[in-house]
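Below you'll find the structure, written out as structure tokens, and then a few comments.
The values are calculated or read from the model by the stated rules, or taken from the named source; none is laboratory data. Remember, it's a predicted structure, so these values are computed and weren't measured experimentally. Cβ placement follows ideal geometry from the backbone for every residue including glycine, while neighbour counts extend to all protein chains displayed.
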Amino acid sequence: MHLLFCADRPFFRHAAVAAVSAASATRGPLQVHLLTCDSCPEEEARFRAALAPFAHVGISVHRVPAARLEGLFVDRHLSAATYLRFLAPEVLPEAVQRVLYLDCDLIVLDDVAQLLRLDLEGRAAAAAPDLGWKDAAQAARFRTLGIPLDRPYVNSGVLLMDLGRWRRDGLSQKLFDYVARHGSLLLRHDQDALNAVLADDIHLLDRRWNLQVLLLSPWAKRALPEDRQATGAARRDPAILHFSTADKPWNFRVWTRRRELYFRFRARTPWSRAVPEGLSAAQAWEYDLARRLLRLGLDLYLLRGAALRLRRILLARMERGRTWPGAARRPMNR
């Protein structure tokens, strides 16, 4: 069974966390492939060390020349590494006929062997529907990009690939050609390309294999009612949790549902006490405190938010002249 991660140097640590979670949940032999354009022996050694305790896991690091991704559209949110997954058919050994690509910002909670044995019914890939794909505001963009409106738009963070099909049909080159043609119109980069080029060639996965953590928030009840309704069973028993928004669990001062799972698995890697770059000494101390509290089941920012809400409620009551706990009673008129 083959797993694929793609990362540049800053994301080696997050790829390691995701890989450790997959290794922990999966019983059978796994070969973990890491595709990167960066040469960073120290980070690579740490990545290998994170998976060393798992006797059933092998590791292969594949370096891709940066020139291979030159000229592809990127923005401040994503680097060219997001397109590395398209190179899997070319870079991985010919003997590898099927691979499960996983984003670095997710946690695996169930045995991926179930997914890797899935019957794709002749299709080139499998992926789960993305959030909000039925939004009417997306329709015009989809038409411009040639993305079908009559089938679910999928999320590319969990992508089961039939590499034999990809090689025979030259799908990688078709995807790169599409990206080159549409450039800055690609709001979601590789994901837009996959939905346009593969279209009807994608088998739909159950959403438990790519449950986006945003759906666990109270906000989703109002903003994404259809997605909430469609993912009831998946939310109760997720196989893969995907931190797909900008509020990554490793960021400073974020409150993201289930981020304690990220730190639980990161504790088993050489990056267990790493802090984000650019923090002051005080901020680094706060970040480490939040991490330690999470291990005890306490969320510093959730507690802080609750305290601030309580303070606002009490102040509002005082301003309205209402009695609040501890306040002196007004004397009665006689």
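Structure values in brief
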item: Selection within the stretch 92-117 - surrounded by fewer than 20 Cβ atoms within 10 Å (Cβ to Cβ) and among the β-branched types (Val, Ile, Thr); result: 96
item: Single residue of 274, 239 found to be within 23 Å of residue 100 (Cβ to Cβ) and surrounded by 15 or more Cβ atoms within 10 Å (Cβ to Cβ); result: 239
item: Residue that is farthest from residue 182 (Cα to Cα), among those in the stretch 45-74 that are assigned to a loop (DSSP other than H, G, I, E, B) and touching a residue at least 40 places away in the same chain (Cβ under 8 Å); result: 53
item: Index of the failed condition, residue 294 passing every other in (1) at pLDDT 80 or above; (2) of a type in the set (A, V, I, L, M); (3) out of contact with any Phe, Trp or Tyr (no Cβ under 6 Å at 6 or more places or on another chain); result: (3)
item: Test: residue in the stretch 11-31 that is surrounded by fewer than 20 Cβ atoms within 10 Å (Cβ to Cβ), out of contact with any Lys or Arg (no Cβ under 9 Å at 6 or more places or on another chain), assigned by TED's automatic domain parsing to the domain that holds residue 170 and of a type in the set (Gly, Ala, Ser); result: yes
item: Answer from 144, 82 - the residue that is touching a residue at least 12 places away in the same chain (Cβ under 8 Å), of a type in the set (Ser, Thr, Tyr) and surrounded by fewer than 14 Cβ atoms within 10 Å (Cβ to Cβ); result: 144
item: Residue among 279, 241, 261 that is outside any helix (DSSP H, G or I), closer than 23 Å to residue 111 by Cβ, aliphatic (A, V, I, L, M) and modelled with pLDDT of 80 or more; result: 241
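Residue by residue, here is whether (1) in a helix (DSSP H, G or I); (2) at pLDDT below 90; (3) closer than 17 Å to residue 258 by Cα holds:
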{"position": "178", "(1), (2), (3)": "yes, no, no"}
{"position": "183", "(1), (2), (3)": "yes, yes, no"}
{"position": "187", "(1), (2), (3)": "no, yes, no"}
{"position": "191", "(1), (2), (3)": "yes, no, no"}
{"position": "196", "(1), (2), (3)": "yes, no, no"}
{"position": "215", "(1), (2), (3)": "yes, yes, yes"}
{"position": "222", "(1), (2), (3)": "yes, yes, no"}
{"position": "226", "(1), (2), (3)": "yes, yes, no"}
{"position": "229", "(1), (2), (3)": "yes, yes, no"}
